[in-house]
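What follows is calculated from the coordinates using simple rules that are stated; it is not laboratory data. Just so it is clear, the structure is predicted and the values come from calculations on it, not from any experiment. Quick reminder, even Gly has a Cβ in these numbers, built from the backbone with ideal geometry, and neighbours come from all protein chains shown.
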Amino acid sequence: MIKWLLMLALASGSAYAATPRQILDSLVAQAGPASAARGEKLYRGKFSGGKTADSCTACHTDNAKAVGQHVRTSKAIDPLAPVAHKDRFTDPEKVEKWFKRNCNDVLGRACSPQKKADFTAYMISLQ
């Protein structure tokens, strides 16, 4: 579905600006119902096998609404929660890019559609 939305945006000749809810809906269409509780567990969990960090919070902090810092480069990272950074989870291509990169960096493998849906549900649940 995300790839379909991207193709639609390219065909229309304009950038597609989805809402975080639309991104979540497309992930749910692939994975089934999402759980913000499972998403929070993924966000806060510690993992082995990652290439850069052992958790999402290593770079994004315990508070997804706060500015983070990359553990290797020390580069500032904008808040992850859409409530704190309006552009988060609005571009299907960027969402896929960052899931691919960050899942490999933290988990050492790609995230399943279910993990992506759960994670996104948690991020958009934050107020």
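What's the extension gain from ALA66 to PHE47 if we count 0.36 nm per residue and subtract their Cα-Cα distance?
In short, 4.7 nm is gained.
Counting only residues 5 or more places away or on other chains, whose amide H sits under 5 Å from the amide H of LEU80 once H atoms are built in the peptide plane?
Here ALA66 satisfy the definition.
Sticking with the crude label model, points 7 Å out along Cα→Cβ, report the distance from ASP25 to ALA84 in nm, one decimal please.
2.7
If exposed means no more than 16 neighbouring beta carbons inside 10 Å and the site is in a DSSP loop, what's the longest run of the chain without any exposed trypsin sites (Lys or Arg not before Pro)? Could the numbers behind the result be given before it?
Details: sites that count: LYS46, LYS51, LYS65, ARG72, LYS75, LYS86, ARG109.
My reading of the result: 1-45 is the longest stretch.
Can you compute the charge dipole magnitude of the chain about its Cα centre, using +1 on each Lys and Arg Cβ and -1 on each Asp and Glu Cβ, nothing else charged? Give it in debye, rounded to the nearest 20.
My answer is approximately 280 debye.
What value in Å³ per residue do you get for the convex hull of the alpha-carbon atoms in the chain?
Dividing the Cα hull volume of the chain by its residues yields 98 Å³.
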